[in-house]
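Values quoted throughout were computed directly from the atomic coordinates according to the rules given, and no laboratory measurement underlies them. As the structure is a prediction and not an experimental result, all values here were calculated from the model. Neighbour counts run over all protein chains shown; Cβ positions are idealised from the backbone, glycine included.
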Amino acid sequence: MSADLVCGLQWGDEGKGKAVDYISENYDVVARFNGGDNAGHTVVHQGNTYKFHVIPSGVLRGCLGVIGSGVVLNPDSLEEELHQLDGSERIVISKRAHLILPSYKLLDQKLEGLKGSKVGTTGRGIGPAYAFKAFRFGVRVGDLFQTGLEEKLSEARRLVESLNVEWIEPDVKHWKEILAPYVGDDYKVLHEAYLDGQRILFEAAQGFLLDLDFGTYPFVTSSYTFTNGVHAGSGFNAKKLGDIIGVSKAYTTRVGNGAFPSELSGDTADHIREQGAEFGTTTGRPRRVGWLDLVALRYAVRVSGCNKIFLTKVDVLSGLDQVGLVTAYEVDGESVSDWFDFSQGALERVKPVVKWCDGWENALVEGKLHKNLLTFMETVEGTVGAKIQWVSYGPSDHETLCML
Ligand code: GDP
Ligand code: IMO
Ligand code: MG
């Protein structure tokens with residue numbers, strides 16, 4: 001019996017969708033537990049491209065998809081996402097998941113306007129949905145089907161209007177139609193599946209460095225993005241988690257604002273952005289790019305408990321003479337490579353120390369990984385203390401190698 005987790009080790013968009021699709025062949029249930037339609041998980045499965053926002057990527061392989069209590073849900077966006085599928089998928093949505101009300105998007109914009117330094121949110125109303133939940137003014141999926149809904153909406157309206165934001169009435173009748181076939185209890189479904197010997201895979205959204213507490217606050221999202229979110233966001237007993245599979249690109253990207261010690265500009269950055277098609281799935285924004293930051297990656301591996309790495313996009317670095325790895329930070333003249341304070345203020349003061357590796361013309365040579373890529377991977381494993389179990393060298397499901 002196993003229940004494992006796939007989570008991002010960077011600032012999101014590491015290729016979690018691809019990893020989950022590939023790995024979920026060996027699972028019966030795939031569950032989301034955090035975030036909402038700020039997430040954009042691209043899966044290239046048997047030649048077709050899918051973009052998932054809240055639906056777990058494993059539904060393509062026939063897994064039961066669970067949308068947990070910790071997810072914030074926009075039913076209109078879910079409806080669009082469902083159009084990609086053929087109707088045979090099985091999905092359970094937690095009755096405890098909070099709804100993203102239409103006015104929350106306006107509030108998201110307004111909050112950005114009030115900030116000195118904008119977070120650069122996806123504008124989907126994610127922060128307001130989690131804030132309303134914490135204020136205890138949230139409206140949950142289950143509320144749509146119970147008496148008292150009018151009162152809950154009136155309360156939310158009063159709070160929205162007290163913030164001088166326009167109230168947009170949700171189309172409750174339509175939302176009920178969309179959600180009715182799926183509403184259930186995530187905890188119960190997951191617990192029973194586990195007792196029944198089914199294999200469960202959790203699919204995190206966002207990435208370790210976007211975590212509300214452990215990320216680069218305040219340039220983070222509003223949820224718990226790794227192991228910490230599983231129990232809170234699904235009710236599944238965290239003691240039963242087995243593998244923590246961390247997804248990392250062979251370099252780093254970030255959408256939105258905030259510190260980025262290994263960030264690149266100029267020709268190398270352009271090369272990586274173009275080769276890697278580094279434009280956001282959800283917003284289309286160009287992603288900022290930089291070398292793989294092993295100081296940050298080690299922190300993410302340690303705190304998340306990651307024991308296996310799914311390394312993606314090694315093909316994107318092909319053709320570079322030299323590839324950089326940030327192995328330490330220089331802070332006030334001293335070299336730091338171990339524990340570090342990953343707050344925005346501290347990161348602003350660091351200078352990356354770059355170790356250079358010989359590049360590779362192609363990631364694969366006669367079906368095997370290029371020797372320089374293997375050396376690069378050894379440095380990563382040795383520095384961060386987790387094994388690279390899978391290497392992805394293209395977007396398609398078949399462009400993946402499982403290491404022995
Ligand atoms: P996620 O949010 O972590 O699921 O990642 P995204 O889907 O937002 O971004 C990853 C992008 O890289 C997607 O367009 C994937 O199809 C693509 N991708 C994933 N793995 C690879 C890879 O190994 N090589 C290349 N070239 N593209 C990849
Ligand atoms: P996936 O699951 C990359 C970033 C936004 C912004 C910050 C806060 O596809 O990896 P929010 O809308 O959540 O309040 O924005 O977090 N962000 C992501 N960046 N991938 C994501 O999801 C992201 N979800 C949020 O760009 O900097
Ligand atoms: Mg994404």
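Hey, can you rank 64-70, 362-368, 383-389, 151-157 by average C-beta count inside 10 Å, highest first? Could you put the intermediate results ahead of the total?
On the way: 64-70: 25.9, 362-368: 12.6, 383-389: 18.7, 151-157: 15.7.
Result, highest mean first: 64-70, 383-389, 151-157, 362-368.
Return the whole-Å distance between the Cα centroid of the range 323-379 and the Cα centroid of the range 134-210.
41 Å
Could you work out how much longer the chain between Lys115 and Gln322 gets when fully extended? Use 0.36 nm per residue separation minus the Cα distance between them, nm to one decimal.
Details: separation 207, 0.36 × 207 = 74.52 nm, distance 3.93 nm.
This chain segment gains 70.6 nm when fully extended.
Evaluated at 37 °C with a viscosity of 0.692 mPa s, what Stokes-Einstein diffusion coefficient in µm²/s does the range 318-375 have when Rh comes from the Kirkwood expression over alpha-carbon pairs? Walk me through the intermediate numbers first.
Values: Rh = 13.4 Å.
Stokes-Einstein gives a translational diffusion coefficient of 245 µm²/s.
Translational D (Stokes-Einstein, µm²/s) of the range 1-58 at 10 °C and 1.306 mPa s when Rh comes from the Kirkwood sum over C-alpha pairs? All intermediate terms of the calculation are to be shown ahead of the outcome.
Details: Rh = 11.9 Å.
Using the Kirkwood radius from Cα pairs, D works out to 134 µm²/s.
Under 24 Å from the Cα of Lys249, which lysines turn up, not counting those fewer than eight places away in the same chain?
Lys16, Lys18, Lys51, Lys308, Lys313, Lys351, Lys355, Lys368, Lys371, Lys387
Considering every pair of different Cα atoms, what Kirkwood radius, in Å, is found for the range 226-274? Each step should come with its number before you reach the end.
Values: mean 1/r = 0.0704 Å⁻¹.
Every distinct Cα pair counted, the radius reaches 14.2 Å.
Could you tell me what a quarter of the Cα convex hull surface of the range 37-117 works out to, in nm² with one decimal place? Working shown, then result.
Values: hull surface 26.4 nm².
Here the figure is 6.6 nm², rounded to one decimal.
I need the fraction of alpha carbon pairs in the range 248-402 separated by more than 20 Å, rounded to a whole percent. Numbers along the way, then the final one.
Numbers: 5924 of 11935 pairs.
Within the range 248-402, distances greater than 20 Å cover 50 percent of Cα pairs.
Which whole-number percentage describes the relative contact order of the range 85-226, with Cα contacts under 8 Å and a sequence gap of 6 or more?
On the way: 162 pairs, mean separation 38.7, N = 142.
Here the relative contact order equals 27 percent.
If you average the sequence gap of Cα pairs under 8 Å that are 6 or more apart and divide by the length of the range 63-115, what percent do you get for the contact order? Write out the running numbers ahead of the final one.
Numbers: 45 pairs, mean separation 26.4, N = 53.
Normalised by residue count, the contact order of the range 63-115 is 50 percent.
Hey, got the dipole for the chain? About the Cα centre, +1 on K and R Cβ, -1 on D and E Cβ, debye to the nearest 20?
Numbers: 41 positive and 53 negative charges, 153 e Å.
Once rounded to the nearest 20, the dipole reads 740 debye.
Do you know the relative contact order of the chain, to the nearest whole percent, from alpha carbon pairs under 8 angstrom that are 6+ apart? Mind dumping the intermediate values first?
Details: 923 pairs, mean separation 82.3, N = 404.
Contact order relative to length: 20 percent.
Please list, in order along the range 341-353, the HN-Hα scalar couplings obtained from phi with the Karplus expression 6.51 cos²θ - 1.76 cosθ + 1.60 (θ = phi - 60°), rounded to whole Hz, x for Gly and Pro.
Using θ = phi - 60°, the values come out as 7, 8, 7, 4, x, 5, 5, 4, 9, 8, 10, x, 9 Hz.
Where Rh denotes the Kirkwood radius from the mean inverse Cα pair distance, what is Rg over Rh for the chain? Could the numbers behind the result be given before it?
Values: Rg = 20.9 Å, Rh = 21.6 Å.
Across the chain, the Cα-based Rg/Rh ratio is 0.97.
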